[in-house]
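A.B. asks: The structure is given below, and queries will be raised subsequently.
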Amino acid sequence: MKTLDELYQQMLKRAADGKPVGVDGDPKLIDCLAHPDDHPLIWRVKPCLCPPDEPHHCQEACDWGAITSGPDGISIDDSQCVGCQACVDACKLDTLKTRKDLIPVVQELHDYDGPIYALVAPAVSGQFGPDVTMGKLRTAFKRLGFTGMLEVAVFADILTLKEALEFDKNINNEDQFQLTSCCCPMWIAMIKKLYHQLLPNVPGSVSPMIAGGRTVKALHPNAKTVFIGPCLAKKAERKEPDLVGAIDYVLTYQELRDFLTVTDIDLASLPEDNVPHASEAGICYAYAGGVSEAVTETVHQLNPDRKVDIKTRKADGVPACKAMINDILAGNRDGNFFEGMGCLGGCVGGPRAIIKKEEGKVNVQAYGKQAAYKTPMENPYVIELLKKLGFPTVEEFLERSHLYDRIFD
């Protein structure tokens, strides 16, 4: 019997060639690959063989209560799973696999007659080799059939401006504080599930991924949007009830690498198609502390004479995030703007990154230094984009930015 990975490679090659993806093999695995939205985020691809009298390592690794055990082994509650993939990493018997969404995307690129945009997460710098620039990636996406490629860092710029405006408006004494709501779905899931009492301190902003998808669809209503990043949790985020519709598919950098491999595209040899739009602030969302740096710089530009200055704290990795939140609840805040990222190192340390997080951070920082603008306040493309969306002034953006709002229940 063919394994999931063998079926995936066969079906992907057929999809890339424009052929029907039907192959011989386990019908359940084939359906998982052909119709991933009909299946959970984590797939159990074979029987659970853990001894019944021993603890299940996957269940112990789950911080979210998504895994239960029974007579037939473990089962995963998809409504509780946030996509951290700790269970997959902990499984010693290779029973659990993360979902793959690439094959339906490849089919859309062949069959859909409207625009399809790739939205690439800021951590992408250097993921595909030292000679692969953003301009070469943009060329590659167009050769794969996408209408165009957008850097999600541009939408991180917009949300930096939003969070800075909200901080400047809402934090007016030493007792007030704000938790960032941008970027990391695991951080938000932690607050929603485990620390619900802190939600009033979280301004309701969507993530840069969702902001990008909503913006594209506001300007091109018939467009399809495909997010590509290092994070499995983004696959869960796009399906949250208040966010559905912004992003049609989420791929990982590893899935993109599979697509490039099966189509024999040599990235390093491609011509440049370079249209940079993001500031250094938006680009640096990719690593731990980047959101704090971006918002701090922007707050200082918005109101350099604030009586209550912004004082940030950051944490990366689930244990450190929990420790920081417990400090807040205990009154040991030592800050008024708190940033959490579920992965060590931030997005560059995501489970589906291709290179090590330390190398990823260096690459992102180098790309950020090349940006023409340091913050969104200096970035004319951000101001132009907001005007296209109906916000003639920054102040009006704060008052009417419903496109980028979300309501936490």
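A.B. asks: Would you give the gap between the C-alpha center of segment 173-250 and the C-alpha center of segment 61-89, rounded to a whole Å?
C.D. replies: Between the Cα centre of segment 173-250 and that of segment 61-89, the gap is 22 Å.
A.B. asks: Modelled label-to-label distance, residue 309 and residue 323, 7 Å Cα→beta-carbon offset: nm?
C.D. replies: Inter-label distance under the simple model: 2.6 nm.
A.B. asks: Quick one: accessible surface of residue 194, probe radius 1.4 Å, all protein chains present, in square angstrom to the nearest 10.
C.D. replies: 80 Å²
A.B. asks: Moving on to the next point. Return the subset of 322/369; 100/217; 28/234 for which the Cα-Cα distance in this structure is over 26 Å, preserving the input order.
C.D. replies: Beyond 26 Å: 322/369.
A.B. asks: Turning to a different aspect of this structure: Residue 257 to residue 395: FRET efficiency via 1/(1 + (r/R0)^6), r the Cβ-Cβ distance, R0 35 Å, to the nearest 0.05?
C.D. replies: Details: r = 44 Å, r/R0 = 1.24.
So the FRET efficiency works out to roughly 0.20.
A.B. asks: Place a +1 charge on the Cβ of each Lys and Arg in the chain and a -1 charge on the Cβ of each Asp and Glu, then give the dipole magnitude about the Cα centre in debye, rounded to the nearest 20. Please list the in-between numbers first.
C.D. replies: Details: 44 positive and 57 negative charges, 66 e Å.
Rounded to the nearest 20 debye, it is 320 debye.
A.B. asks: Hey, what's the Cα Rg ratio for the chain versus the globular rule of thumb, 2.2 N^0.38 Å? Walk me through the intermediate numbers first.
C.D. replies: Values: Rg = 21.3 Å, N = 409, 2.2 N^0.38 = 21.6 Å.
Cα-based Rg divided by the globular estimate yields 0.98.
A.B. asks: Heavy-atom accessible area of residue 381 with all protein chains present, probe 1.4 Å, nearest 10 Å²?
C.D. replies: 60 Å²
A.B. asks: What ranking of 39, 277, 110 comes out by heavy-atom accessible area, probe 1.4 Å, highest first?
C.D. replies: Ranking 39, 277, 110 by accessible area, largest first, yields 110, 277, 39.
A.B. asks: Need the full-extension length gain, residue 9 to residue 220, defined as separation in residues times 0.36 nm minus the C-alpha distance. One decimal, nm.
C.D. replies: Full-extension gain reported as 72.7 nm.
A.B. asks: When only Cα pairs under 8 Å and 6 or more residues apart are kept, what is the percent relative contact order across the chain?
C.D. replies: 19 percent.
A.B. asks: What number, rounded to the nearest 500 deg cm²/dmol, is the helix-based mean residue ellipticity at 222 nm of the chain, given -39500 (n - 2.57) per DSSP H run of at least four residues and division by all its residues?
C.D. replies: -11500 deg cm²/dmol
A.B. asks: Let me ask something additional. In what order, largest first, do 187, 64 sit by accessible area if the probe radius is 1.4 Å?
C.D. replies: Ranking 187, 64 by accessible area, largest first, yields 64, 187.
A.B. asks: Using the heavy atoms of the protein chains alone and a 1.4 angstrom probe, what is the accessible area of segment 214-371 per residue in square angstrom?
C.D. replies: 41 Å²
A.B. asks: Follow-up question, since we're still on this one. Counting DSSP beta bridges with both partners in the chain, what percentage is antiparallel, nearest 5?
C.D. replies: Of the beta bridges lying entirely in the chain, close to 30 percent run antiparallel.
A.B. asks: Another question, if that's okay. Counting pairs of alpha carbon atoms under 8 Å apart in space and at least six apart in sequence, what relative contact order in percent does segment 46-183 give? If you can, show how the numbers build up before the last one.
C.D. replies: On the way: 114 pairs, mean separation 21.8, N = 138.
Rounded, it is 16 percent for segment 46-183.
A.B. asks: Using a 1.4 angstrom probe with every protein chain in place, what is the largest-first accessible-area order of 400, 214?
C.D. replies: These residues rank, largest area first, as 400, 214.
A.B. asks: Tell me which aspartates and glutamates have Cα within less than 15 Å of residue 19's Cα, excluding those fewer than 8 residues away on the same chain?
C.D. replies: Residue 19 reaches 108, 111.
A.B. asks: Considering only protein heavy atoms and a probe of 1.4 Å, how much of the accessible area of the chain is carbon and sulfur, as a whole percent?
C.D. replies: Here carbon and sulfur together make up 50 percent of the probe-accessible area.
A.B. asks: Continuing with the same structure: Which value, in Å² rounded to 10, gives the accessible area of residue 333 with a 1.4 Å probe and all protein chains present?
C.D. replies: Roll a 1.4 Å probe over it and residue 333 shows about 50 Å².
The values are calculated or read from the model by the stated rules, or taken from the named source; none is laboratory data. Here the structure is a predicted model, which is why all the values come from computation and not from measurement. We place every Cβ from the backbone using ideal geometry, glycine too, and count neighbours over all the protein chains shown. SASA here: full protein model, heavy atoms, side chains in, ligands and nucleic acids out. Shrake-Rupley method; radii C 1.70, N 1.55, O 1.52, S 1.80 Å.
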